[in-house]
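Structure first, then comments.
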Amino acid sequence: MIQLSIPNISDTEQMSVARALESGWVSTAGPDIGDFERKVAALSGVRFCIAVNSGTAALHLALLALGVGTNDYVICPNLSFVATANAVSMTGAEPIFIDAAPDNLQLDLDLLEDFLQNHTDFADGKCFFKGTQRRIRAIVPVHVLGDFCDMDRLLELARSRGIPVLEDAAAALGASFDDKPAGSMGLLGTLSFNGNKILTTGGGGAVLTNDSQLADRIRHLAHQAKSFPLEYIHDAVGFNYGMPNLNAAFGLGQLARLPEFWAKKQAIRAEYEAGFIDVRAISLTPHGDLHRKCGYWLNCIFTSEARQLEPYLEANEIQTRKLWVPMNRLPMYGQNLYIQREDHSFRWYEDSLCLPSSTGLTEEDQAIVIRAVRDFFE
């Protein structure tokens with residue numbers, strides 16, 4: 001089976017983890033954590049990185065640090081992995097969903113602008129939804145598959161209503177918008193280091209920020225809000241969200257190979273583009289532009305025959321998957337406010353099929369994938 005997206009592990013990572021094991025630092029303290037955080041912060045163009053045990057934990061902590069809580073709203077894309085909305089719900093707040101754009105998978109900024117201008121009030125530096133007069137505490141753009149909406153425009157829209165931006169850059173490590181790294185443009189950003197991401201720590205995530213007070217607050221909450229180092233004194237409801245040293249050591253080994261991974265992702269994209277250039281029945285994930293350096297975490301094709309193509313490729317030992325079911329179609333979010341005109345999220349989902357994109361994908365295996373897709377349409 002040619003896998004969809006699996007980790008690329010070499011002797012470099014194994015030696016790094018072995019060194020950590022020999023040191024005895026295996027849990028949520030140890031020198032590799034700080035080293036990993038410093039290197040990710042430098043790579044991401046921010047002052048502070050707080051390493052945690054998942055991307056979901058990173059989102060949860062970032063939202064809490066922004067003061068998000070019960071009866072608040074947070075604006076999220078309708079087309080995203082469920083962790084984004086779930087992290088909002090974990091704070092007691094409620095997601096408001098914005099449809100995907102008609103020409104790409106990212107949050108529709110025309111809809112967002114219309115919603116903010118015509119359906120919110122702005123007073124004393126705070127934004128409120130007119131329908132309920134509950135406060136909108138944050139906007140969380142998701143860099144879907146490692147690409148971007150127009151971040152300059154989004155940040156200006158958010159500033160006009162006093163709403164902080166939290167970037168969900170789970171799949172966008174190494175990507176950039178106008179040379180600004182993913183996760184560095186909002187007040188906060190989050191990353192994921194799950195096993196299927198460009199860089200993995202096995203399981204893990206991180207919060208990125210340039211704000212020292214937010215960084216201190218997040219680090220505090222991630223370690224049970226312990227306020228005194230020598231006794232079990234805690235000053236808030238905290239969480240066991242710290243990244244173990246073993247995972248950080250694994251991540252350091254992966255960081256040493258990140259340029260290799262990045263180059264491979266770009267090469268995979270180029271091969272799919274060349275391989276499908278004359279297949280009129282399909283299109284690839286909408287391309288980046290001069291402003292966007294896309295990470296191409298997964299390469300996704302779109303066709304009205306996606307439902308038939310998926311089992312065909314499975315029968316040919318090629319693993320694929322569709323994009324996420326849009327949030328408004330999940331049972332726990334079906335009653336949430338959904339801002340849309342033509343429900344592009346569902347169209348993107350229905351026509352989608354993600355193809356093998358692992359950094360360990362060989363040229364021979366990618367040629368097999370391309371040939372199988374072409375055979376299906378010929």
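The values are calculated or read from the model by the stated rules, or taken from the named source; none is laboratory data. In this text, all values refer to a predicted model and were calculated from it rather than measured experimentally. Every residue, glycine among them, receives a Cβ derived from its backbone with ideal geometry; neighbour counts consider all protein chains shown. Heavy atoms of the whole protein, side chains included, go into the accessibility calculation; ligands, DNA and RNA do not. Shrake-Rupley method; radii C 1.70, N 1.55, O 1.52, S 1.80 Å.
Just a few scattered comments:
- Within region 106-135, the residues that satisfy the criterion of being in a strand (DSSP E or B) and open to solvent by 40 Å² or more (accessible area, probe 1.4 Å) are D121, F122, A123, K126, F128, R135.
- Filter pass, I339 being out of contact with any helix residue (DSSP H, G or I) (no Cβ under 9 Å at 6 or more places or on another chain), open to solvent by 20 Å² or more (accessible area, probe 1.4 Å) and of a type in the set (A, V, I, L, M, F, W, C): no
- From the list V68, V144, the one residue that fits, being within 17 Å of the chain's Cα centre (by Cα) and among the β-branched types (V, I, T), is V144.
- From the list F261, F276, the one residue that fits, being under 23 Å from G360 (Cβ atoms), crowded, with 17+ Cβ neighbours inside 10 Å, modelled with pLDDT of 95 or more and over 22 Å from the mean Cα position of the chain (by Cα), is F276.
- Residues of region 78-92 classified as touching a residue at least 60 places away in the same chain (Cβ under 8 Å), open to solvent by 10 Å² or more (accessible area, probe 1.4 Å) and of a type outside the set (A, V, I, L, M, F, W, C), total: 1
- Residue check for F97: within 21 Å of Q340 (Cα to Cα) and in a loop (DSSP other than H, G, I, E, B): no
- Of all residues in region 309-361 being free of Cβ contacts under 8 Å to residues at least 12 places away in the same chain and part of a helix (DSSP H, G or I), the one that is nearest to the chain's Cα centre (by Cα): R347
- A residue that is open to solvent by 10 Å² or more (accessible area, probe 1.4 Å) and at pLDDT below 95 occurs nowhere in region 42-55.
- Taking the numbered list (1) open to solvent by 10 Å² or more (accessible area, probe 1.4 Å); (2) of a type in the set (A, V, I, L, M); (3) closer than 30 Å to D343 by Cβ in turn, V26 passes all entries but (3).
- Counting only residues that are under 19 Å from V144 (Cβ atoms), part of a helix (DSSP H, G or I) and in contact (Cβ under 8 Å) with a residue 24 or more places away in the chain, region 265-296 holds 5 of them.
- Number of the condition not met by N194 [criteria: (1) open to solvent by less than 40 Å² (accessible area, probe 1.4 Å); (2) within 16 Å of the chain's Cα centre (by Cα)]: (1)
- Of the residues L157, L208, L166, L221, the single one that is part of a helix (DSSP H, G or I) and either in contact with a Gly (Cβ under 6 Å, 6 or more places away or on another chain) or at positive phi (or both) is L221.
- Which numbered condition R153 fails, given (1) farther than 17 Å from M327 by Cα; (2) open to solvent by less than 10 Å² (accessible area, probe 1.4 Å); (3) under 21 Å from the mean Cα position of the chain (by Cα): (2)
- Yes/no for I301 being over 28 Å from D179 (Cβ atoms) and either in a loop (DSSP other than H, G, I, E, B) or under 19 Å from the mean Cα position of the chain (by Cα) (or both): no
- Within region 342-378, being of a type in the set (F, W, Y) and either open to solvent by 50 Å² or more (accessible area, probe 1.4 Å) or within 22 Å of E271 (Cα to Cα) (or both) holds for F346, F376, F377.
- Residue list for region 137-150, restricted to those being open to solvent by 10 Å² or more (accessible area, probe 1.4 Å) and charged (D, E, K, R): R137, D150
- Those residues of region 203-220 which are aliphatic (A, V, I, L, M) and crowded, with 21+ Cβ neighbours inside 10 Å, in sequence order: A206, V207, L208, A215, I218
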